[in-house]
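K.L.:
My questions all concern the structure below.
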Amino acid sequence: MSPDKNNNPISPQTLHWLRQFGRFLLWLPLVLAVCAIGYAIQRFGADEPVRYSDPLQHFMYGSTGGERESGFPYWIWKVLPNVCPQYLPGKGYQSVGMLFEPGRDLPVGMSMRRNLGLDRVFLNCAVCHTSTVRTTPEATPVLIAGMPAHRFDIRGFESFFFNCAASPKFSAEFIVPEIAAAKPDGLSLLDRYLVYPVAISIMRERLLMLRGRFDFVFGQPEWGPGRVDTFNSAKVLFNFPMHGLPPKELLGASDFPSIWNQARRMKRDDGQRMELHWDGNNTHTEERNKSAAFGTGTTPPTLDLKAVARVEEWLLTAAPPAWPWKVDEARAARGKVLYGEYCASCHGASGQDFSGAKVGHVTPIAQIATDRARLDSYTYDLAVNQATLYAGYPYRFTHFRKTFGYANMPLDGIWLRAPYLHNGSVPTLRDLLEPAANRPAQFYRGDDVLDQTRVGFVSDTAERDGHTLFRYDTTLPGNGNQGHEGPEYGTALASEDKDAIVEYLKTF
């Protein structure tokens, strides 16, 4: 036996145990390192979106991949309205027009992905292409996928994050306690003192960078709900010198479009592809869809091709619902004849038949004479830069181009696509059949109550359900309601003939 420090003998069993323990201590750092690496890989290496088997649910809540590059950590996103309520027009994200279905934690148009150790959320296609309608102020709003998101104020949404990031409260000191209080299982020590403080710091730095690059927007007229400046945002991402551009290039705010019946939109009567976007700057839906995904925060390496392909497949046959009231058949029959004479060649024979000599073609701005700000904002230089997107991939962009007018589009579900013209400057279809001088110079946007007579949304009410609606002023730059007028557009017809055309359009 070996003696211990008191010169007492140590049994062989004890000596063996001490030797084994010594070996354990020697290996312990390596074991701990392996465990830490395993935990880090398991937690921070995951990249898994929340999946939906139903194609409609996938459209409304499925990922396009944007969370990987642009996603907000879910719990930071969740508590920010409590941290910076002063930068929202009302309570929560609903106040900027985001839509929440009963029982849903995320709004329509926001997806979630487990990425970099956190649940991260960001926008998807549905945020710009889903909204609600009501037949009366007392009716329950009905959610309709594919229609323009005429209630969503994307500029207000972005401004909230920019302004909050610039405030002293965008820090772990204020945000982490809110997360700890809101999260049902609280925060682990790792999350409280390392993960979320780092995430908050990174998110703040990124938002402040974007705030500086988008500061040219702050001097523009407010866009209002249902509008977005798609291609000036693209210029920012391409590092254009925004303050060095001509002022006319910086006013591109236009309405969100509807996106139904994409299979029918692929070809014109002459067999060629339809010209897409408001100005017809691309003829390929595949590129248009990937460009839209680019707008939801994806970059070439982060684009989720399978997820986008599922959305594309759903859009091929997705269709608008029918007009919710009875149609005056006799008046609509009269309207069909007049529509065929004045409208069909540009907009299709009906809401289901897209045939027409000029459907999907671009009408020169000198002829259509609508507000040209959106047209001027899209430039040849931007088209050249877009041709670099997805370089090295088989789906590299090759079809973006500069045009000199606006594209003639089919009118399926036209009763759900108000306000009208590309910039949403005319509140109802009946107003669109009047000369510009007789169209409303100011009206309110953001209501979801349908105007049964004039067809559009109620536009003479400043408030709905305690929410102040947006006053749209057609005298401001980029907001003009002129054009699409004259005898060839039906604005010289008798009043009863215009009413008949509107009645027929209800069947679309």
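K.L.:
Please label the shape of region 437-487 as rounded, prolate or oblate, based on the square roots a ≥ b ≥ c of the eigenvalues of the alpha-carbon gyration tensor (a/c under 1.5 means rounded; beyond that, a/b larger than b/c means prolate, else oblate). Spell out each step's value before the answer.
P.N.:
Values: a/c = 3.12, a/b = 1.47, b/c = 2.12.
Because a/c hits 1.5 or more and a/b fails to exceed b/c, region 437-487 counts as oblate.
K.L.:
Could you run the Karplus curve 6.51 cos²θ - 1.76 cosθ + 1.60 with θ = phi - 60° over region 198-207 and give me ³J(HN,Hα) per residue in whole Hz, x for Gly and Pro?
P.N.:
Along region 198-207, the couplings run 5, 4, 5, 5, 5, 5, 5, 4, 5, 5 Hz.
K.L.:
If we count every other residue with Cβ under 14 angstrom of PRO241's Cβ, Lys/Arg +1 and Asp/Glu -1, where does the sum land?
P.N.:
Working: positive: ARG213, LYS235; negative: ASP215, GLU249, ASP381.
Counting the neighbours of PRO241, the net charge comes to -1.
K.L.:
While we're here: What order, most packed first, do the peptides 180-191, 496-507 have when packing is the mean number of other Cβ atoms within 10 Å of each residue? Please list the in-between numbers first.
P.N.:
On the way: 180-191: 11.5, 496-507: 20.7.
Sorting 180-191, 496-507 by mean packing, highest first, produces 496-507, 180-191.
K.L.:
What lysines sit close enough to LYS306 to cross-link, taking a C-alpha to C-alpha distance under 17 Å and skipping anything fewer than 8 places away on the same chain?
P.N.:
Reachable lysines: LYS290.
K.L.:
On to the next question. Around ARG331, with a cut-off of 9 angstrom between Cβ atoms, what is the net charge of the other residues, counting Lys and Arg +1 and Asp and Glu -1?
P.N.:
-4
K.L.:
Once both labels are modelled 7 Å past Cα along the beta-carbon direction, what's the LEU208-ASP465 spacing in nm?
P.N.:
3.7
K.L.:
Suppose the chain between THR388 and ASP269 were pulled fully straight at 0.36 nm per residue; how much longer would it get relative to their current alpha carbon spacing? Can you show the working numbers first?
P.N.:
Values: separation 119, 0.36 × 119 = 42.84 nm, distance 3.13 nm.
39.7 nm is the gain from fully extending THR388 to ASP269.
K.L.:
Identify which of the listed values of Rg and Dmax of the Cα atoms in Å was calculated from the structure shown: [x] 30.2, 94; [y] 28.1, 119; [z] 21.6, 66.
P.N.:
The calculated read-out lines up with [y].
K.L.:
While we're on this one: Using Cα positions and a limit of under 13 Å, work out the aspartates and glutamates in reach of LYS169, with same-chain residues fewer than 8 apart set aside.
P.N.:
GLU178
K.L.:
Output ³J(HN,Hα) for region 458-468: one whole-Hz value per residue in order, computed from phi by the Karplus curve 6.51 cos²θ - 1.76 cosθ + 1.60 with θ = phi - 60°, and x for Gly and Pro.
P.N.:
My calculation for region 458-468 gives 3, 10, 10, 10, 7, 8, 9, 6, x, 9, 6 Hz in order.
K.L.:
Hey, rough spin-label estimate for ALA139 and GLU286, points 7 angstrom out along Cα→Cβ, what's it come to in nanometres?
P.N.:
Using points 7 Å along Cα→Cβ, the separation is 4.1 nm.
K.L.:
In addition: Of all beta bridges DSSP finds with both residues in the chain, what is the antiparallel percent, to the nearest 5? It would help to have the intermediate numbers written out before the result.
P.N.:
Values: 33 of 34 bridges.
Roughly 95 percent of the beta bridges in the chain run antiparallel, per DSSP.
K.L.:
Right, here's the next one. Using each residue's phi in region 387-399, evaluate 6.51 cos²θ - 1.76 cosθ + 1.60 at θ = phi - 60° and report the 3J(HN,Hα) Karplus result to the nearest Hz, with x for Gly and Pro.
P.N.:
5, 8, 5, 6, 4, x, 10, x, 10, 4, 5, 9, 10
K.L.:
Rounded to the nearest 500, what is the 222 nm mean residue ellipticity of the chain from helices alone, with -39500 (n - 2.57) per DSSP H run of 4+ residues and division by all residues? All intermediate terms of the calculation are to be shown ahead of the outcome.
P.N.:
On the way: 17 runs with 177 residues, N = 508.
About -10500 deg cm²/dmol.
K.L.:
Using Cα atoms only, what is the angle between the long axis of helix 172-182 and the major principal axis of the chain, expressed in degrees (0 to 90) to the nearest 10?
P.N.:
In the chain, helix 172-182 runs at an angle near 80 degrees to the longest axis.
K.L.:
With r as the distance between the Cβ atoms of GLU329 and ALA180 and R0 = 60 Å, compute the FRET efficiency 1/(1 + (r/R0)^6) and round to 0.05.
P.N.:
Details: r = 62 Å, r/R0 = 1.04.
According to the calculation, E is roughly 0.45.
K.L.:
Enumerate the lysines that LYS183 could reach by cross-link, defined here as Cα to Cα under 17 Å, with residues fewer than 8 away along the same chain left out.
P.N.:
Once the sequence-local lysines are set aside, what remains near LYS183 is LYS78.
K.L.:
Amide H of PHE457 versus every other amide H placed in the peptide plane: which residues, excluding those fewer than 5 positions away on the same chain, fall under 5 Å?
P.N.:
Under 5 Å from the amide H of PHE457: ASP451.
K.L.:
Return the long-range amide H neighbours of ARG114 (sequence gap of 5 or more, or a different chain), with a cut-off of under 5 Å between placed amide H atoms.
P.N.:
GLU48, VAL50, ARG120
K.L.:
Among LEU493, LEU469, rank each residue by its count of other Cβ atoms within 10 Å, from fewest to most, as a rough exposure measure. Display every interim value, and only then the final one.
P.N.:
Details: LEU493 17, LEU469 20.
Ordered from fewest to most neighbouring Cβ atoms within 10 Å, LEU493, LEU469 come out as LEU493, LEU469.
K.L.:
Given the Cα-Cα distance of LYS169 and ALA437 and 0.36 nm per residue of separation, how much length would full extension add, in nm?
P.N.:
Details: separation 268, 0.36 × 268 = 96.48 nm, distance 4.86 nm.
Full extension of this stretch gives 91.6 nm more.
K.L.:
If neighbour count is taken as other Cβ atoms inside 10 Å, put PHE161, PHE174 in order from fewest to most.
P.N.:
On the way: PHE161 21, PHE174 16.
Placing the least packed residue first, the sequence is PHE174, PHE161.
Rule-based calculations on the coordinates, nothing more; no lab input. All figures in this text were calculated on a predicted structure; none of them were measured in a lab. A quick note on method: Cβ atoms are made from the backbone with ideal geometry, for glycine too, and the neighbour counts reach across all protein chains shown.
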